[in-house]
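The values are calculated or read from the model by the stated rules, or taken from the named source; none is laboratory data. All values reported here derive from a predicted model rather than from experimental measurement. Neighbour counts are summed over all protein chains in view; Cβ atoms, including those assigned to glycine, are modelled from backbone coordinates with ideal geometry.
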Amino acid sequence: MERAVYYLHSYWAYLVVLVVLLATINAVIGAVTKRSYAPKDFRISLFALICTHIQLLIGIVLFFVSDKIVWFTEGVPVKDIMSDSTLRLYNVEHPLMMIIAIALITIGYSKHKKKLSSAPKFKVLAIFYPLALIAILAMIPWAAWF
């Protein structure tokens, strides 16, 4: 089961990166060109939100079934986790930063829905989505991806 969840999490991540990148580019272009906010823009930002939340759910399942997560292993002190860079990445840094990235996407999406005109909608998305994209790209375990 762990391998299946691991592969699902890994391959879904490609979709997440692609969709969040598309939503970020769309938001920045919309903000810079001051174009009108269309239903297509709403769908793109919503799809990025949905994909990242699905990835979060898969990641939570993986967190509890993976052999790389040693928080729940008896006899492994926290100082050993924090002193080993690989253990720290999988047990602390990656999960925490991805939760922050998903929170940024969620906050940006929620704030943009409350705006009434196009310029503020794009501005909010153009602030929060790129920050989330940077956080996602910074904490992807690239060595495990390739």
- request: Quick one: in region 108-123, of everything that is of a type outside the set (Gly, Ala, Ser) and in contact with a helix residue (DSSP H, G or I) (Cβ under 6 Å, 6 or more places away or on another chain), which residue is farthest from LEU22 (Cα to Cα)?
  value: LYS115
query: Considering THR73, THR86, THR24, THR52, which residue is assigned to a helix (DSSP H, G or I), surrounded by fewer than 18 Cβ atoms within 10 Å (Cβ to Cβ) and among the polar types (S, T, N, Q)?
result: THR86
- request: For region 97-146, name all the residues that are buried (at least 21 other Cβ atoms within 10 Å of the Cβ) and without any contact (Cβ under 8 Å) to a residue 24 or more places away in the chain.
  value: VAL124
field: Top-ranked residue in region 12-32 [being of a type outside the set (A, V, I, L, M) and farther than 15 Å from THR52 by Cβ; ranked as farthest from the chain's Cα centre (by Cα)]
entry: GLY30
field: Residues satisfying the stated conditions in region 27-47, i.e. small (Gly, Ala, Ser) and either surrounded by 14 or more Cβ atoms within 10 Å (Cβ to Cβ) or part of a helix (DSSP H, G or I) (or both)
entry: ALA27, GLY30, ALA31, SER45
- prompt: Which number in (1) surrounded by 17 or more Cβ atoms within 10 Å (Cβ to Cβ); (2) touching a residue at least 60 places away in the same chain (Cβ under 8 Å) marks the one condition that VAL19 misses?
  reply: (2)
- prompt: Do we find a residue being hydrophobic (A, V, I, L, M, F, W, C) and closer than 17 Å to TYR14 by Cα anywhere in region 66-87?
  reply: no
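Give the residue, chosen from ALA38, ALA126, that is small (Gly, Ala, Ser) and either at pLDDT 95 or above or touching a helix residue (DSSP H, G or I) at 6+ places or on another chain (Cβ under 8 Å) (or both).
The match here is ALA126.
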